[in-house]
1. Among 19, 27, which is the only one that is at pLDDT below 95, surrounded by 14 or more Cβ atoms within 10 Å (Cβ to Cβ) and β-branched (Val, Ile, Thr)?
2. So in the stretch 61-79, with the set limited to residues that are of a type outside the set (Lys, Arg) and in a loop (DSSP other than H, G, I, E, B), which one is nearest to residue 147 (Cα to Cα)?
3. Could you list, in sequence order, the residues of the stretch 80-101 that are under 16 Å from the mean Cα position of the chain (by Cα), assigned to a loop (DSSP other than H, G, I, E, B) and farther than 18 Å from residue 59 by Cβ?
4. Give all pairs with beta carbons closer than 8 Å in which a residue from the stretch 106-128 that is more than 17 Å from residue 155 (Cβ to Cβ) and at pLDDT 95 or above meets a residue that is charged (D, E, K, R) and part of a loop (DSSP other than H, G, I, E, B); count only pairs at least 6 apart in sequence or on separate chains.
5. With closer than 29 Å to residue 193 by Cα and modelled with pLDDT of 90 or more as the only criterion, which of 63, 53 stands out?
6. For the stretch 208-253, which fully contained strands (runs of 3 or more DSSP E) count at least 2 residues that are without any contact (Cβ under 8 Å) to a residue 24 or more places away in the chain?
7. Which one of these does residue 150 not meet: (1) over 11 Å from the mean Cα position of the chain (by Cα); (2) at pLDDT 95 or above; (3) surrounded by fewer than 24 Cβ atoms within 10 Å (Cβ to Cβ)?
8. Of 195, 112, 165, which residue is buried (at least 22 other Cβ atoms within 10 Å of the Cβ) and out of contact with any helix residue (DSSP H, G or I) (no Cβ under 9 Å at 6 or more places or on another chain)?
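The values are calculated or read from the model by the stated rules, or taken from the named source; none is laboratory data. What you are looking at is a predicted structure, and each value in this text was computed from that prediction instead of being measured. When we count neighbours, we look across all protein chains shown, and the Cβ atoms used for this are built from the backbone with ideal geometry, even at glycine.
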Amino acid sequence: MKWILLSMFVCFINRSFAVVTLSNVSVSSAEKKYPKLFVKTQEGFQWSHASLNISGTFTVDKNLLVANCTLLLAPEAKIMIAAGNTFTLRSDGEGQTLLKAGDKIMWDGIYIQGSAAHLVSSSASKGQQTTIQDARNAIVSQNGGDFLVERTILQKNNKDIVVTIYPTVNHTGRVRESILQTGTGTLLPFFTGNILNAPLPRTNMGIQLTRVKDIQIGDASAGVGANLFDNMDVGISSIGSKLKIYNNNFQNITSFGNGKA
């Protein structure tokens, strides 16, 4: 994984700003339209407590760090991370980054488009964890889309992480010290095509793998906390995949019982 970012656009707060709605735009086009919302830095760390509405497709075509922001996503909205770019979600102790539905219908999810595209989601502390919720498929790795999810809560999603076919090269995606759960309250209804479906009773899957050559879930390194899979139909689904599972706790998964791996 390449975490050295040569340049980054950072979601930045000016408390006099009204809430901005971004509809079917990219980082490049949004930066031109709303220049005061984006600050270019070398490291990408910045004070930030902005609230943004996103509808349609938001394309990450430049490295983007979102720190301590709330992103409200419209029904079926999606975030696409283009190859060669990193999308970072961070809660740095000064606040929380939260992605959730802006309406009473699920949004689509975050799509990582290939092994040269990267998603990083992290938190400085367990008190205010980066949270991704209310999505049909919260994180989707396509063609080896790379991700590091640590100290993050994924909740109230139909599926938390989906890894699609990647059969020839080891997958670099990692999940550690995170909580994947249904959470409290009810899930939201969701679209499939033009059909609005009733909410699922709880999260269907924590992680779904389909024909993935080799991937690791959890981290057995000293000092690294466990992942928790709680209250869902299936914790990890693996079809035609090779995986290593370390330091994960499973509870309230009635399809298979409770246990650890």
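1. Values: 19 fails: surrounded by 14 or more Cβ atoms within 10 Å (Cβ to Cβ).
Only one candidate qualifies: 27.
2. Step one: of the stretch 61-79, the residues of a type outside the set (Lys, Arg) are 61, 63-77, 79.
Pick out the ones that are also in a loop (DSSP other than H, G, I, E, B) and you get 61, 63, 68-69, 74-77.
Working: 61: 16, 63: 14, 68: 19, 69: 20, 74: 24, 75: 24, 76: 22, 77: 20 Å.
Residue satisfying both the conditions and the ranking: 63.
3. Here is the first cut: in the stretch 80-101, the ones under 16 Å from the mean Cα position of the chain (by Cα) are 80-82, 85-91, 96-101.
Okay, now just the ones that are also assigned to a loop (DSSP other than H, G, I, E, B), so 82, 85, 96-97.
Answer for the stretch 80-101, where residues must be under 16 Å from the mean Cα position of the chain (by Cα), assigned to a loop (DSSP other than H, G, I, E, B) and farther than 18 Å from residue 59 by Cβ: 96, 97.
4. Once the first residue is more than 17 Å from residue 155 (Cβ to Cβ) and at pLDDT 95 or above and sits in the stretch 106-128, its partners that are charged (D, E, K, R) and part of a loop (DSSP other than H, G, I, E, B) give 118/2.
5. Working: 63 fails: closer than 29 Å to residue 193 by Cα.
Of the residues listed, the single one that is closer than 29 Å to residue 193 by Cα and modelled with pLDDT of 90 or more is 53.
6. Working: elements: 215-217, 227-230, 232-239, 243-245, 248-251.
Where strands (runs of 3 or more DSSP E) fall fully within the stretch 208-253 and carry at least 2 residues being without any contact (Cβ under 8 Å) to a residue 24 or more places away in the chain, they are 248-251.
7. Failing condition for residue 150: (1).
8. Working: 195 fails: buried (at least 22 other Cβ atoms within 10 Å of the Cβ); 165 fails: buried (at least 22 other Cβ atoms within 10 Å of the Cβ).
When all the criteria are applied, what remains is 112.
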